[in-house]
1. Would it be correct to say that Y81 is aromatic (F, W, Y), surrounded by 13 or more Cβ atoms within 10 Å (Cβ to Cβ), over 25 Å from L39 (Cα atoms) and out of contact with any Lys or Arg (no Cβ under 8 Å at 6 or more places or on another chain)?
2. Kindly evaluate D56 against the criterion of being in a loop (DSSP other than H, G, I, E, B) and closer than 23 Å to T214 by Cβ.
3. Any chance you could count how many residues in the range 4-21 are within 21 Å of the chain's Cα centre (by Cα), in contact (Cβ under 8 Å) with a residue 24 or more places away in the chain and in a helix (DSSP H, G or I)?
4. Consider only pairs whose beta carbons are under 7 Å apart and that are at least six residues apart or on different chains; among these, list those whose first residue lies in the range 189-209 and is assigned to a loop (DSSP other than H, G, I, E, B) and aliphatic (A, V, I, L, M) and whose second residue is surrounded by 15 or more Cβ atoms within 10 Å (Cβ to Cβ) and at pLDDT 95 or above.
5. Quick test for you: out of V48, V78, V63, pick the one residue that is among the aliphatic types (A, V, I, L, M), in contact with a His (Cβ under 6 Å, 6 or more places away or on another chain) and under 27 Å from C208 (Cβ atoms).
6. Could you list, in sequence order, the residues of the range 58-81 that are under 14 Å from the mean Cα position of the chain (by Cα) and either closer than 24 Å to F188 by Cβ or small (G, A, S) (or both)?
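The values are calculated or read from the model by the stated rules, or taken from the named source; none is laboratory data. What you are looking at is a predicted structure, and each value in this text was computed from that prediction instead of being measured. Cβ: placed from backbone, ideal geometry, glycine included. Neighbour counts: every protein chain shown.
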Amino acid sequence: MSLIKLSDISTRAPKDLDKTDIKKKTEKMVVELDELQNLLFAEGKHAVLVVIQGMDGSGKDGVIRNVLGNMNPQGVTVKSYKAPTPEELSHDFLWRIHHATPSKGMIQVFNRSQYEDILITRVHKWCDDETARKRMNAINDFEKLLEQHNNTHILKFYLHISPEEQHERLSERMKDPAKMWKYNEKDFEEAKLWDIYMQMYEDCFNNCNSPAWTIVPADQNWYKEYIIATQLHQLLTGLNMQFPGMKK
């Protein structure tokens, strides 16, 4: 298996794609995803965990809203991970994660995730390499546990934004009143650590890649939403679900 090198992967959609056509396909899938989520909930045999990682400004909130926002909120939940609380720090690093994993019939979205504990912690030297390796092994075992013992299907997405696009989006937060609440001066400080973040992300992808990561070009929102909608749609249709009481 070849190693993932982010600098070799474009942050933009292929030039031959038609934006209008892709947006129509995404809109159609979003409608169908609502129906598929209802079927998932009714059948109650499968759980789905969607992990979304990305640098500040990569559009995690937007893609969650635009791809999954049309679904019944009774069957979809979103968990955003910030800095651990004192209580969370008194447990193992996966304690707060396991508590939020999906039950059968549910779609759970992680906006940031267990991977923060081998990303930002390594960038800032809060976690040494030996500890990070142990955590990677624990994450791999944890994901196998979910897959094998709770019929959980895991989709992992990294929103691959360019530093130029990130800077533009972070700057926009300072100007647009509707986005100003998201502004955090620390985001620009974190952006200065870009190269180190990329190294840590690549190490993460290459050591925790089963189930595999999808590197999503994220400079254009319409393409990013299409990729994630497509993968989720393919997963749910491939489960061959049926409403209870129906004969297969």
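1. Judged against the criteria, Y81 is not a match.
2. Spelling it out, D56 is indeed in a loop (DSSP other than H, G, I, E, B) and closer than 23 Å to T214 by Cβ.
3. The number of residues fulfilling the criteria is 2.
4. Short answer, once both residue conditions are applied: L193/V123.
5. After applying the criteria, what remains is V48.
6. Scanning the range 58-81 gives S58, G59, K60, D61, G62, V63, I64, S80, Y81.
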